[in-house]
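Student: One structure, pasted below without further comment.
The values are calculated or read from the model by the stated rules, or taken from the named source; none is laboratory data. Computed from a predicted structure; not experimentally measured. Cβ placement follows ideal geometry from the backbone for every residue including glycine, while neighbour counts extend to all protein chains displayed.
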Amino acid sequence: MHPALHLDNLKRLPPAVRSAATAAISADTNRYRAVENIRLVRDYAATRKPEHERALVVPALYRILDPLKIPNLDSLPTNLFSDTPPSESELSITKATLALEALYQLQLPDSLGVDLWPRILAWVQFLHLYNPGNLRAADREPGLFTHSILFASRFLDHTPTFRLMVCTPWFWFMLGRAWMYATKLPDPEKRVYAFNTIFRFTTLENVTETSNMDELLNGVGGTLSNLACLVVEYLDALILDHDKSDSVLPEVLYVTFVAGIVGFLNLIDPTLRDTTVVRTSPGRLGEELLAQPVLGVLLRLLSSVTKTDVPGTLPALQHLFVLLLVFLPSKPGWTQLPAAVKSGFVPVLLLCARSTFAPHLADHLRLCFQMILPPALISHALLSALDAGWRDIETSAKEITGFQIPDFQRMWTEFSSLVNERLQVLHAFDTSYTAMRACDNLECSTLDGKKNFRRCSGCRSFYYCSSDCQRADWTRGGHRNTCCSYGTLLIGERNNDDSSSRQRSFLRALIHHDYQKQRFTLHSRQAIFLSEFPHGTFLTLYNYMEGAVRIDIKEAPQSFEPLAGPEWKDILSRAAASGGRMGIDVAIFTANGPTQSRYPVIPLRSNSGVITDKLASLASTLTPSTYKVDEQARQSQAMYLVKTILRIHETNDLHVAEIH
């Protein structure tokens, strides 16, 4: 037994306290007096007397907390402290509760932990399980668990006690339950101590052992979702307000805690530290974290940590970036990218880019500005979120005298230029866009507002200006035979059920904007294609996977993934039978992440085939073989193309209407 636990130490107490301590561990028949005795001992432990004097009560507290005195739960009353004198069991519970309160007031030698901890844990476990009807767990549990874990923190540097604690059954449950209440502690200093304790324990590798992890999950509520919620609360509680100088959390501890909680997440799920592979799922824990407002919290932390300059800041920043780069490209993270932008994603990236840590974050920043954000600039929701503060963002960027990454200025210029172009499309769409459709009876091909059309109730992809046109296409146009095959390729609610009607309309508007912007070049390339493949069918690919659109003219294959099947064959057939009034345009854009692509068919519809006819006529006058090998012939035909295409546009612009 440790010398500090010998009963002889009680003799050195002041007479009144010595008498109370001696009586508290004796079999006093007056149970009310026994309670008063232990209260007096507890109050003495909380006085301002020297630590070594107050610690003299420990032998009495040690004996009161004897696990053999823990009552049998099945024999306990439902109400604690009725009008009758307390029973022997009730007296043991009251004395143990007061003894714990007394112990938590004392600073004890580290070597005492090995003797005290088993008794403390046994009684805390009992008090958690004992739930008398007149005491709410919500009232007593916060103090019970947080004070216990704060007491445990005093032995973190005493190896025997530390090992004993983490190997004791139910310890991890207690840690989890204390974590639940730590972020809500009203005393800032106690909150810091609690965070430090949580950090020290949760970064141990044995937290991942199945039995320990099960206990921890039960402690925080029982599910991975509860743990994720707690992690986000913890991270949110860590955020420093740099405008206040009275923070009790030192910056060194601040960045240590941030790195620690991310380290804990990495221990539980290694997926959260691997950015070498872009995954559609960030793992079970990652998905649960994304069900919480974790992205907004991570961005605020990035902003706060970037303004800190103490040892450990850079690793903390890198850990936070890795989490972002695991979350955002995943399917659940991608859907939250507009919310992340609204929470200040771009300003935070700029802040990091001009910080002293920027050279070490260069790869992370490039991924954000080249892989994540540009492909997402086809999203109406994201552009709307960006539009709200874009003017301030541009002003802020212009005020930066120099970025810490050599090629960042070029990267930012390209990104901001693309944003400005897309915002112009957004503004035009939001102010004046009218959804248009073309009659899918190709004998008609009338263009009008969408509201003036009826939709096929079978495929929900075809539109008709009248019932007569619908009947004509059903019988003569062949829709009777292909109706059931639609719903995979044509853009619409059946094959784009994860996007809104507004987003689908915006995508049509964006493609049409890019078509009109590059129409002259496109027609020239289409004429060249037709000169090389006089009987071929071409498709126009609008590739948005890298941000800025890349438009290619390709031969329309009979089948290639993902454009295949009966629907694709019917699209090809209808385009061939349209008399030049239906072009096969296909968009390629991100779906559920920057590496996941979707290929919706968005036909270019026209009320006349005159442009297609004139392009075909122009193509017949070109000599493709000479065009390919003879430079002088190539330049000559290029000039011929320019003049001819200009004449086609000037002649037909007033008569030909086109929509996507």
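Student: Please verify whether Tyr193 is at pLDDT 85 or above, part of a helix (DSSP H, G or I), hydroxyl-bearing (Ser, Thr, Tyr) and out of contact with any Gly (no Cβ under 8 Å at 6 or more places or on another chain), treating the condition exactly as stated.
Tutor: no
A quick yes/no check of all residues on (1) modelled with pLDDT under 90; (2) surrounded by 17 or more Cβ atoms within 10 Å (Cβ to Cβ); (3) more than 28 Å from the chain's Cα centre (by Cα); (4) in the same structural domain as Arg574 (by TED's automatic domain parsing):
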residue	(1), (2), (3), (4)
Ala397	yes, yes, no, no
Gly402	yes, no, yes, no
Ile405	yes, yes, no, no
Thr413	no, no, no, no
Arg422	no, yes, no, no
Leu426	no, yes, no, no
Phe429	no, yes, yes, no
Arg437	no, yes, yes, no
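Student: For Tyr193, which of the numbered conditions (1) under 25 Å from the mean Cα position of the chain (by Cα); (2) surrounded by 17 or more Cβ atoms within 10 Å (Cβ to Cβ) fails to hold?
Tutor: Failing condition for Tyr193: (1).
Student: Every residue in the range 450-494 that is acidic (Asp, Glu) and more than 46 Å from the chain's Cα centre (by Cα), please.
Tutor: Asp468, Asp473
Student: Going by what's in this entry, would Leu175 be described as modelled with pLDDT of 90 or more, within 27 Å of the chain's Cα centre (by Cα) and either among the hydrophobic types (A, V, I, L, M, F, W, C) or outside any helix (DSSP H, G or I) (or both)?
Tutor: Answer is yes for this residue.
Student: Which members of the range 495-519 meet the condition of being more than 27 Å from the chain's Cα centre (by Cα), over 20 Å from Pro562 (Cβ atoms), among the basic types (Lys, Arg) and modelled with pLDDT of 90 or more?
Tutor: Lys517
Student: Could you list, in sequence order, all residues of the range 199-230 that are polar (S, T, N, Q) and in a helix (DSSP H, G or I)?
Tutor: Thr202, Asn206, Thr208, Thr210, Ser211, Asn212, Asn218, Ser225, Asn226, listed by residue number.
Student: Regarding Ala619, is this residue part of a helix (DSSP H, G or I) and either on the phi > 0 side of the Ramachandran plot or modelled with pLDDT of 80 or more (or both)?
Tutor: yes
Student: What about Phe151, is it over 21 Å from Asn218 (Cα atoms), assigned to a helix (DSSP H, G or I) and among the hydrophobic types (A, V, I, L, M, F, W, C)?
Tutor: Judged against the criteria, Phe151 is a match.
Student: With respect to the numbered conditions (1) outside any loop (DSSP other than H, G, I, E, B); (2) touching a residue at least 60 places away in the same chain (Cβ under 8 Å); (3) of a type outside the set (Phe, Trp, Tyr), which one is the sole condition not fulfilled by Val346?
Tutor: Every listed condition holds for Val346 apart from (2).
Student: Do the conditions hold for Arg634, that is, is it modelled with pLDDT under 85, out of contact with any Phe, Trp or Tyr (no Cβ under 9 Å at 6 or more places or on another chain), basic (Lys, Arg) and more than 30 Å from Phe462 (Cβ to Cβ)?
Tutor: no
Student: Just wondering, is there one or more residues in the range 16-30 that are at pLDDT 90 or above, outside any helix (DSSP H, G or I), in the same structural domain as Pro109 (by TED's automatic domain parsing) and buried (at least 19 other Cβ atoms within 10 Å of the Cβ)?
Tutor: No - not one qualifying residue is present in the range 16-30.
Student: Please go through the range 349-363 and give me each residue that is in contact with a Lys or Arg (Cβ under 9 Å, 6 or more places away or on another chain) and either at pLDDT 90 or above or not in a loop (DSSP other than H, G, I, E, B) (or both), ordered by number.
Tutor: Leu351
Student: Moving to a separate point now. Of the numbered conditions (1) surrounded by 16 or more Cβ atoms within 10 Å (Cβ to Cβ); (2) not in a helix (DSSP H, G or I), His523 fails exactly one; give the number of that condition.
Tutor: The single condition His523 does not satisfy is (2).
Student: Here is a further query. Working only within the range 443-488, note down all residues that are hydrophobic (A, V, I, L, M, F, W, C) and either surrounded by fewer than 21 Cβ atoms within 10 Å (Cβ to Cβ) or assigned by TED's automatic domain parsing to the domain that holds Gly609 (or both).
Tutor: Passing the criteria: Cys444, Leu447, Cys456, Cys459, Cys465, Ala472, Trp474, Cys483, Cys484.
Listed here are the residues, each with its yes/no results for (1) assigned by TED's automatic domain parsing to the domain that holds Tyr640; (2) modelled with pLDDT under 90; (3) exposed (fewer than 13 other Cβ atoms within 10 Å of the Cβ); (4) in contact with a strand residue (DSSP E or B) (Cβ under 8 Å, 6 or more places away or on another chain).
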residue: Ser531; (1), (2), (3), (4): yes, yes, no, no
residue: Thr537; (1), (2), (3), (4): yes, yes, no, yes
residue: Thr540; (1), (2), (3), (4): yes, no, no, yes
residue: Tyr544; (1), (2), (3), (4): yes, no, no, yes
residue: Pro557; (1), (2), (3), (4): yes, yes, yes, yes
residue: Glu561; (1), (2), (3), (4): yes, yes, yes, no
residue: Lys569; (1), (2), (3), (4): yes, no, no, no
residue: Arg574; (1), (2), (3), (4): yes, no, no, yes
residue: Arg581; (1), (2), (3), (4): yes, no, no, yes
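Student: Also, I was wondering about something else. Count, please, the residues in the range 67-91 that happen to be modelled with pLDDT under 75 and in a loop (DSSP other than H, G, I, E, B).
Tutor: Adding up the residues that qualify gives 11.
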